[in-house]
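The values are calculated or read from the model by the stated rules, or taken from the named source; none is laboratory data. Keep in mind the model is a prediction, meaning the values are calculated, not measured. Glycine also receives a Cβ, built like all others from the backbone with ideal geometry; neighbour counts cover every protein chain displayed. Keep in mind that these areas ignore ligands, DNA and RNA; they rest on the heavy atoms of the full protein, side chains included. Shrake-Rupley method; radii C 1.70, N 1.55, O 1.52, S 1.80 Å.
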Amino acid sequence: MTSAPKSAVNRREFLAQSATATAAIVAAPAVITAAKTDKPLIVGEGEHRYEVQHNWPELPSEYTWQTTHNVAVDKSGNLYVIHEGRANLKDHPSIFVFDANGKFIRAFGNQFQGGGHGLEVRQEGSEEFLYVCAYQQVKAFAKLTLTGETVWEKYAPMESGVYAAKEDTDRKKVWGRDRFLPTNFAFLDDGGFLLADGYGSFYIHRYDKDANWVSKFGGPGQGEGKFATPHGIWIDRRGDGDPEVVICDRAHHTLQYLTLDGKYLRTQTGFGLPANIDTWEDLLLVPELHARVTLLNDKNEVVAQLGDDVKRVTSKKGIRNDASRWQAGKFVHPHDACFAANGDIFVAEWVATGRISRLKKLS
């Protein structure tokens, strides 16, 4: 059943509320982390138990985290991390790569700095590629090799008829329903993909295998196929039924399920700003900006909520910008999470100093 949406949270208001504290952190970038202990931090229960390893990968000294956004893993086990970054640091890369042990490998993606957002690895034939979304002043999406070479880069699909004049060429940071601020991808079996314009028009755009625009569905509205910040998107292929599109309708605090053609199926409630989705075996993974990571089984029943600190984070201001108040084994603002091949989970948090945690699967 579809329930009435909870009050929407405006990202720009959220940012404005914490601007002063963020500025202080930028001026003094040293990070105070939660107190360390020799005792492993274990979250979850039963077959869904994980050891929490906060700040798992370490950057070389010449680079800094500047709000981590999304994570992805390739078939070799390498972890790719994209952060938003700051537009005034144009020479700083937005994408970092680490090996399966958390050792830094390389960095690239300066062109996305200040707007880095969505990131996915996709297997195409014998090769793997990175698909990247960037919002703010960048307003683009691109396909890259795993070492950072650009295969193509594209901008607002003006043929869709929903964007302001010159939105495909204007690089000014402007928000609105007639703007293009893409957030994430979902990949189709025919080689095409879906692109969520999660901060802009609220439409989902369909592209063919050659990255040509085909159609759109969604748009702004109160639910049942309409969205308020369709931030995350995924194709759910679990089970024996037809694949379904799952949308994190973030400001409505729901997941919406649709057919591949965009026809509304149902809504699932009970989330706090759900941000993205991944699947592994029969599990569906939902990082929530409201301080937890939720796991659903193949019946879409909640089987675990990891690192839950919802009550404290949502009732007290400034935690996002004060690492001394972060608690070991708890999350602040999970913005994305993905599974590794062995069932481990990597979590990227939308915090000013950035944070990547590894949840090592124990059972």
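Whenever you get a sec, compute what percent of the accessible area on the chain sits on carbon and sulfur atoms (1.4 Å probe).
48 percent
Excluding residue 169 itself, calculate the net charge of residues whose Cβ lies under 14 Å from the Cβ of residue 169, where each Lys or Arg counts +1 and each Asp or Glu counts -1. Each step should come with its number before you reach the end.
On the way: positive: 139, 154, 166, 171, 172, 179; negative: 153, 167, 168, 170.
Overall, the nearby charge balance is +2.
Going through the stretch 156-221, which trypsin sites (Lys or Arg not before Pro) have at most 16 other Cβ atoms within 10 Å and a DSSP loop state?
The qualifying sites are 166, 171, 172, 173, 177, 209.
For the stretch 267-363, what does the accessible surface come to per residue with a 1.4 Å probe? Please give it in Å². Walk me through the intermediate numbers first.
Values: 3130 Å² over 97 residues.
With all protein chains present, the stretch 267-363 gives 32 Å² per residue.
What pairs in 90/311; 143/166; 173/226; 103/173; 143/299 have C-alpha atoms more than 31 Å from each other?
The answer is 90/311; 103/173; 143/299.
How are the Cα pair distances of the chain distributed, in percent, across 20 Å bins from 0?
Binned Cα distances yield the sequence 32, 62, 6.
Okay, helix-only estimate at 222 nm for the chain: each DSSP H run of n ≥ 4 adds -39500 (n - 2.57), divide by all residues, round to 500 deg cm²/dmol; what do you get?
For the chain, the value works out to -1500 deg cm²/dmol.
Counting other Cβ atoms within 10 Å of each Cβ, which trypsin sites (Lys or Arg not before Pro) in the stretch 75-141 have at most 11 and sit in a DSSP loop?
75, 90, 103
Got a sec? What order do 126, 94, 315 fall in by accessible area at 1.4 Å, biggest, i.e. largest, first?
126, 315, 94
When only the heavy atoms of the protein chains count and the probe is 1.4 Å, how do 265, 284 rank by accessible area, highest first?
In descending accessible area the options line up as 265, 284.
Which shape class, rounded, prolate or oblate, goes with the stretch 63-201 when its Cα gyration tensor gives a ≥ b ≥ c as root eigenvalues, a/c under 1.5 marks rounded, and past that a/b bigger than b/c marks prolate?
Details: a/c = 2.26, a/b = 1.33, b/c = 1.70.
Since a/c reaches 1.5 but b/c is at least a/b, the shape of the stretch 63-201 is classed as oblate.
When averaged across all projection directions, what area in nm² does the alpha-carbon convex hull of the stretch 191-292 cover? Don't skip to the end; give the middle numbers.
Details: hull surface 25.8 nm².
Here the figure is 6.4 nm², rounded to one decimal.
How long is the stretch 277-363 along each principal axis, judged by its Cα atoms, biggest number first, in Å?
Here the Cα extents, ordered largest to smallest, are 37, 22, 20 Å.
What number, in percent, do you get for the relative contact order of the stretch 120-265 if the mean sequence gap of Cα pairs under 8 Å and at least 6 apart is divided by its residue count?
It comes to 14 percent, rounded to a whole number.
When Lys and Arg each count +1 and Asp and Glu each count -1, what net charge do the other residues less than 15 Å away from residue 189, Cβ to Cβ, add up to?
-2
Rounded if a/c is under 1.5, else prolate if a/b beats b/c, else oblate: with a ≥ b ≥ c from the C-alpha gyration tensor eigenvalues square-rooted, which is the stretch 234-313? Show your work: numbers first, answer last.
Working: a/c = 2.51, a/b = 1.50, b/c = 1.67.
Oblate, since a/c reaches 1.5 and b/c is not below a/b.
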